[in-house]
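Contents: one structure, followed by commentary.
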Amino acid sequence: MWAMMAAPLYMSNDLRNLRQWQKDILMNQEVIAVDQDPLGKQGARVYQDAKKKHEYWVRELADGSYAVVMYRRDTSGLPKPYTATFKQLNIDTKTAHVRDLFKHMDLGVYTDKI
């Protein structure tokens, strides 16, 4: 979420003792590029479902694209699929190229929703 807020990331733990998955998150160049996007606009929550414990955040980027976070707040640990329409995300388009920044993988072109 720090990248969506265009905020610096401060760590208050001993960085020598990080697990590899933690290092992978903190040093992810694609996420860092979102954080340091030159437009400098913060992301905003555009949708919240308190009952299902999830929310969607969107951040406009300098190249005209958007960063989207589908943030799950429940702690069950079980995978849950979520779908968001571009209208819910306040993105005025019919199609979009989607990329998973954590998997470093293009997910293809989506129509009307992700």
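List of remarks:
- Note on Ser76: accessible area is roughly 70 Å² with a 1.4 Å probe, heavy atoms of protein only.
- Per-q log10 I(q)/I(0), the chain, q = 0.10, 0.15, 0.19 Å⁻¹ (Debye; single scatterer per alpha-carbon; no solvent): -0.33, -0.76, -1.19
- Sorting Arg72, Arg19, Arg99, Arg45 by accessible area puts them as Arg19, Arg45, Arg99, Arg72; the probe is 1.4 Å, largest comes first, and only protein heavy atoms count.
- Part-to-part distance (alpha-carbon centres) for segment 63-80 and segment 38-62, which is given in Å: 9 Å
- Global form of segment 1-59, assessed from the alpha-carbon gyration tensor, a/c cut-off 1.5: oblate
- In Å², nearest 10: area of Leu39 left accessible to a 1.4 Å probe: 80 Å²
- Take every pair of alpha-carbon atoms less than 8 Å apart whose residues are at least six positions apart; their mean separation over the length of the chain yields a relative contact order of 20 percent.
- Entry for segment 68-114 at q = 0.16, 0.22, 0.27 Å⁻¹: log10 I(q)/I(0) = -0.53, -0.90, -1.12, Debye formula applied to identical alpha-carbon scatterers, no solvent contribution.
- Unit charges on C-beta of K, R, D, E only; dipole of segment 1-78, Debye: 400 debye
- Distant-in-sequence amide contacts of Phe86, defined by a placed amide H-H separation under 5 Å and a gap of 5 or more residues or a different chain, comprise Lys113, Ile114.
The values are calculated or read from the model by the stated rules, or taken from the named source; none is laboratory data. Only a predicted model underlies this, so the values are computations on that prediction, with no experimental measurement involved. Reconstructed Cβ throughout: ideal geometry from the backbone, glycine too, with neighbour counts over all protein chains shown. Heavy atoms of the whole protein, side chains included, go into the accessibility calculation; ligands, DNA and RNA do not. Shrake-Rupley method; radii C 1.70, N 1.55, O 1.52, S 1.80 Å.
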